[in-house]
1. Condition check: at pLDDT 95 or above, part of a loop (DSSP other than H, G, I, E, B) and more than 25 Å from residue 242 (Cα to Cα). Does residue 35 satisfy that?
2. From the list 315, 353, 346, 371, pick out the single residue that is in a loop (DSSP other than H, G, I, E, B) and under 27 Å from residue 292 (Cα atoms).
3. Taking region 103-126 as the region of interest, how many residues are without any contact (Cβ under 8 Å) to a residue 60 or more places away in the chain, touching a Leu at 6+ places or on another chain (Cβ under 8 Å) and under 17 Å from residue 247 (Cβ atoms)?
4. Buried (at least 21 other Cβ atoms within 10 Å of the Cβ), within 20 Å of residue 256 (Cβ to Cβ), in contact with a His (Cβ under 6 Å, 6 or more places away or on another chain) and in contact (Cβ under 8 Å) with a residue 60 or more places away in the chain: is that true of residue 74 in this structure?
5. Within region 100-123, how many residues turn out to be closer than 16 Å to residue 177 by Cα and surrounded by fewer than 17 Cβ atoms within 10 Å (Cβ to Cβ)?
6. Where residues in region 263-281 are free of Cβ contacts under 8 Å to residues at least 12 places away in the same chain, in a helix (DSSP H, G or I) and not acidic (Asp, Glu), which of them is surrounded by the most Cβ atoms within 10 Å (Cβ to Cβ)?
7. Go through (1) surrounded by fewer than 17 Cβ atoms within 10 Å (Cβ to Cβ); (2) of a type in the set (A, V, I, L, M); (3) at pLDDT below 95 one by one and return the number of the condition residue 375 breaks.
8. Could you check region 208-237 and list, in sequence order, the residues that are assigned to a loop (DSSP other than H, G, I, E, B) and either modelled with pLDDT of 95 or more or more than 22 Å from the chain's Cα centre (by Cα) (or both)?
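The values are calculated or read from the model by the stated rules, or taken from the named source; none is laboratory data. Because the structure is predicted, anything quoted here is derived from the model rather than measured. No Cβ is skipped: glycine too gets one built from the backbone with ideal geometry, and neighbour counts run over all protein chains shown.
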Amino acid sequence: MPAFSLEPSQTARCAQLRTLAAERLRPLAEKGEPGHVNRPLIAELGRLGLLERLFSSGALDLCLMRESLAYACTEAETALALQGLGAHPVHAHGTPAQRDRWLPAVSEGSAVAAFALSEPGAGSDAAALGLRAERDPDSAADSPAQPVAVPDGVSRWRLTGEKCWISNAPEADFYTVFARTTPGAGARGVTAFLVPADRPGLTGGALDMLSPHPIGTLAFDAVPVSADDVLGEVDRGFRVAMGTLNLFRPSVGAFAVGMAQAALEATLTHTAQRDAFGGKLRDLQSVAHTVAEMALRTDAARLMVYAAATAYDEGAPDVPKRAAMAKLLATETAQYVVDTAVQLHGARALQRGHLLEHLYREVRAPRIYEGASEVQRGIIAKELYANPEVR
C-alpha cells in the first residue's frame, strides 16, 4: 500500500465532525439513560446526515467518521456504528423491498438496527451457530419462487434458539439474524435473515454490562420467517456476516484511534501543566518518553486503519488480513494509551465524570467484539499461509 495522507477536504471534514460531536451530540448523549437506546441521539445523527453516509460512502469515510466522533463523543460514535453494522447487510444483500422498507428509516434515525450473530455457545467461533432455522412442515411454499406472507401467512422456516451479547437488543426495531439452515455444514449452512422485532415468538432481555448502550439476549420460539426475509442466499449467510465484518473491523480500529487520540491530548495538556519535583511533569524524562510512545503507537495504528480501509475501497485481495490487523493493532494500542494516560494523571483520572474514567470503561470492549484479539491473530495467520502471494 502507498504512504497515506488525508486530503485537505477530509481533514476539514474531520474537524467539523469533532465540533458537531462536541456541540450537538454530546449534550444528547449526556441526557441518555445508560443501558438503553438513545433515540434522540440517533435521530440527531440522522438530521446531520451521518447515518445516510453509512450507505453512500466507502470504508475510509466510515473510519474518518468513527474516529472523529469517538474523539469527542463515544456514545454518538457507537450509536452510528451499530446502525451501520445492523443495516449494512440489508444495504449490501437485501431485496429492493427490504431496502425500501428499512434503509430510509435507518438513515433518518427513526428505526434502530442490530446485528445478531453471537450466541451463548458461539461467540468467537461464528461458524458454530446453534440458532436453528427449521423448515415449517405446514409450509405451503417450499421454494423461494413461492414466497409467503409473514407473520399472517405460513412461513417457510421457524427460528428456534438464542442470541446473546447483541448490541441494541432487546430495543432494536429489526435484527440481522444468522441462523443454521443446514445442520452439520459449518459455515456453509448458515443463512442471514432480516427479522422485525415484532415477529411472534421473538423476545429479549437486557444484560447488565459495562457499556453505555444496550446489550441483551434474544430468544426465538419458533419465530416465522420466509424467503422474503432472507438476506443474500440460503446457506450463504456466513459470507454476509464476514463481508460486513471486513468492512466494520477497520472502523472499530478507527473508534479505538479516536479514543487514543483524546487520551493522548489530555495527557499532553496535563503533563505540561502539572507541577512536580520542581518543574513540570513533562520535564521528567520517563514521562516524556512515555508520552512519545503513546503518540508513536497511536499514529501507527491510525495509518494501519487507513490502509485497511483504503484496501477495502479498492477491492484488494488481502482485505480480511488487513482488516484483522487494523482492528487488532488499534484496539490493543488504545488500551495501552488510555491505561497509560490514567497512570500519568493519577487518582484524578478515576473520578466519575473525568474523560479518562469514561474512556477507561469504553476502551475495553473493542478488544472483544467483532472478533476478539486472539481471533484476529488467527485470521491473520490463516490468510498468510493460505495466500502467500499477497503477504
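1. Working: at pLDDT 95 or above: no; part of a loop (DSSP other than H, G, I, E, B): yes; more than 25 Å from residue 242 (Cα to Cα): yes.
The answer is no for residue 35.
2. 353
3. 1
4. On the way: buried (at least 21 other Cβ atoms within 10 Å of the Cβ): yes; within 20 Å of residue 256 (Cβ to Cβ): yes; in contact with a His (Cβ under 6 Å, 6 or more places away or on another chain): no; in contact (Cβ under 8 Å) with a residue 60 or more places away in the chain: yes.
The answer is no for residue 74.
5. Initially, region 100-123 is screened for residues closer than 16 Å to residue 177 by Cα, giving 102, 112-123.
Next, only the ones that are surrounded by fewer than 17 Cβ atoms within 10 Å (Cβ to Cβ) stay: 120-121.
Number of matching residues: 2.
6. So the first thing to find is which residues in region 263-281 are free of Cβ contacts under 8 Å to residues at least 12 places away in the same chain, and the list is 265, 269, 272-280.
Checking the rest, the ones that are also in a helix (DSSP H, G or I) come to 265, 269, 272-273.
Of the ones still in play, those that are also not acidic (Asp, Glu) are 269, 272-273.
Details: 269: 10, 272: 12, 273: 10.
Residue satisfying both the conditions and the ranking: 272.
7. Result: residue 375 fails condition (1) only.
8. Pass one, region 208-237, residues assigned to a loop (DSSP other than H, G, I, E, B): 208-214, 226, 232-235.
Result: 226, 232, 233, 234, 235.
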